[in-house]
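A quick write-up on the structure given underneath.
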Amino acid sequence: MPTFYSTEVTSRLMLGTAQYPSPAILADAFRRSGAGIATVSVRREAGGDQAGQDFWALIRDLGVAVLPNTAGCYSAREAVTTAQMARELFDTNWIKLEVIGHADTLQPDPFGLVDAAAKLTEDGFEVFPYCTEDLVLCERLVEVGCKVLMPWGAPIGTGLGLNNIYGLRSLRAHFPDIPLVVDAGLGLPSHAAQAMEMGYDAVLLNTAVAKAGNPVAMARAFALAVEAGALAAGADPMDARDMAAPSTPVFGKAIL
Amino acid sequence: MKIIVNGEALEIRAPTLAALLEELGKGDAKVATSVNEAFVSKTQRADHTLHEGDRVEILAPRQGG
């Protein structure tokens, strides 16, 4: 299993906690997925409601590691403050760093991301940057102290899968020793299997499970796909080729 | 004095951030705080004096992706 900073994780599947039909379905989905890490956020509680407190009790009962995010932040300053609040709230140095650059695509702002990652690393955070597959951006993130990279597969919530296979493959080849997680854009278990087959260490998803007609079954399907993909990657897949090659021996065929 | 809490204008009596949480019934709640866009840790709340027009954020654990 991959090691994120100094923690060896228990599963290659990381699961978000938003958009489930109910808290009970969220909990069942987690149990069936075997996911060892749950992403969470920090938000206002409306009026005197206790939704946040109830949610925290539910997550604690799951017994998984928590990865807080800075979702919705559009500047490094906002993301840094959000991360500081999340660290105190969840008692962890881990932070899934999101600095969003565009409202339509929710793609990362690479400049703000590097800026925030540098400040947070300096402040003792262990940063999991939500980034694109841009090699130069990823090099900068590593230079400022990131020891995990989380390139997107496709824009958040689209379910389009791996949009830039070449870029993701290049990233894997360029950073053989840095844990790489495909974060965002996965829609089907086959997308997760594909990421694992390419040698990625883990996948992080939310909408594909939470918005499925049966989130619990889909959570299990993703777990199996991740396991199959990781097994395949370790089994040294054959090289693809353009021309056909018979699998049944030609030698010994009767001449009829 | 009038301050802004989570985007809403409130008339409060509390002189400090810790007192504000008590006044709002969140003294024991699992929350994190900021004032005027700067993080204020739990241990700093009792010493953090509030001023007219301050913008306070009180955040709780929530679902996230």
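The values are calculated or read from the model by the stated rules, or taken from the named source; none is laboratory data. What you are looking at is a predicted structure, and each value in this text was computed from that prediction instead of being measured. Please note: Cβ atoms are built from the backbone with ideal geometry, for glycine as well, and neighbour counts cover all protein chains shown. Please note that ligands, DNA and RNA were not included when accessible areas were found on the heavy atoms of the full protein model with its side chains. Shrake-Rupley method; radii C 1.70, N 1.55, O 1.52, S 1.80 Å.
Overview of values
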{"item": "Of all DSSP beta bridges in chain A, antiparallel share, percent nearest 5", "result": "10"}
{"item": "Choice from A:Gly52, A:Gly16, A:Gly112 with maximal GNM fluctuation in chain A (Cα, 10 Å cutoff)", "result": "A:Gly52"}
{"item": "Those residues of the stretch B:49-65 for which accessible area with every protein chain present is at least 50 Å² below the isolated value (1.4 Å probe)", "result": "B:Leu59, B:Ala60, B:Pro61, B:Arg62, B:Gln63, B:Gly64, B:Gly65"}
{"item": "Solvent-accessible area per residue, Å², over the stretch A:95-241 with all protein chains present [probe radius 1.4 Å]", "result": "43"}
{"item": "Probe 1.4 Å, protein heavy atoms only - accessible area per residue of the stretch B:1-64 in square angstrom", "result": "52"}
{"item": "Cα-based shape type of the stretch A:86-147, given that a ≥ b ≥ c are square roots of the gyration tensor eigenvalues and the cut on a/c is 1.5", "result": "oblate"}
{"item": "Protein accessible surface hidden between B and A, which excludes ligands and nucleic acids, total in Å², probe 1.4 Å", "result": "2300"}
{"item": "Percent carbon-and-sulfur accessible area, the stretch A:115-212, ignoring ligands, DNA and RNA, probe 1.4 Å", "result": "52"}
{"item": "Built amide H within the under 5 Å cut-off of A:Val40, gap 5+", "result": "A:Leu67, A:Asn69"}
{"item": "Charge tally in the Cβ shell below 12 Å around A:Met218, where Lys, Arg are +1 and Asp, Glu are -1, A:Met218 excluded", "result": "+2"}
{"item": "Surface accessible to a 1.4 Å probe, per residue, for the residues of the stretch A:1-75, Å²", "result": "42"}
{"item": "Chain-alone versus full-assembly comparison, the stretch A:83-125, residues with accessible loss of at least 30 Å² (1.4 Å probe)", "result": "A:Gln84, A:Met85, A:Glu88, A:Leu89"}
{"item": "Carbon + sulfur, % of accessible area of chain B - ligands and nucleic acids excluded, 1.4 Å", "result": "48"}
{"item": "Whether the stretch A:163-223 is rounded, prolate or oblate, judged on the alpha carbon gyration tensor where a/c under 1.5 counts as rounded", "result": "prolate"}
{"item": "Net charge, B:Ala18 excluded, C-beta distance under 11 Å - Lys, Arg +1, Asp, Glu -1", "result": "0"}
{"item": "Relative contact order (percent, whole number), chain A, Cα cutoff 8 Å, 6+ residue spacing", "result": "19"}
{"item": "Cross-link table A:Lys119/B:Lys26; A:Lys96/A:Lys211; A:Lys211/B:Lys30; A:Lys147/B:Lys42, entries beyond 25 Å C-alpha to C-alpha", "result": "A:Lys119/B:Lys26; A:Lys211/B:Lys30; A:Lys147/B:Lys42"}
{"item": "Where N is the number of residues in the stretch B:5-65, Cα Rg divided by 2.2 N^0.38 Å", "result": "1.07"}
{"item": "Solvent-accessible area, 1.4 Å probe, carbon plus sulfur percent, for the stretch A:34-114", "result": "50"}
{"item": "Rounded, prolate or oblate (a/c below 1.5 giving rounded, otherwise prolate when a/b exceeds b/c) for the stretch A:120-159 by Cα gyration tensor", "result": "oblate"}
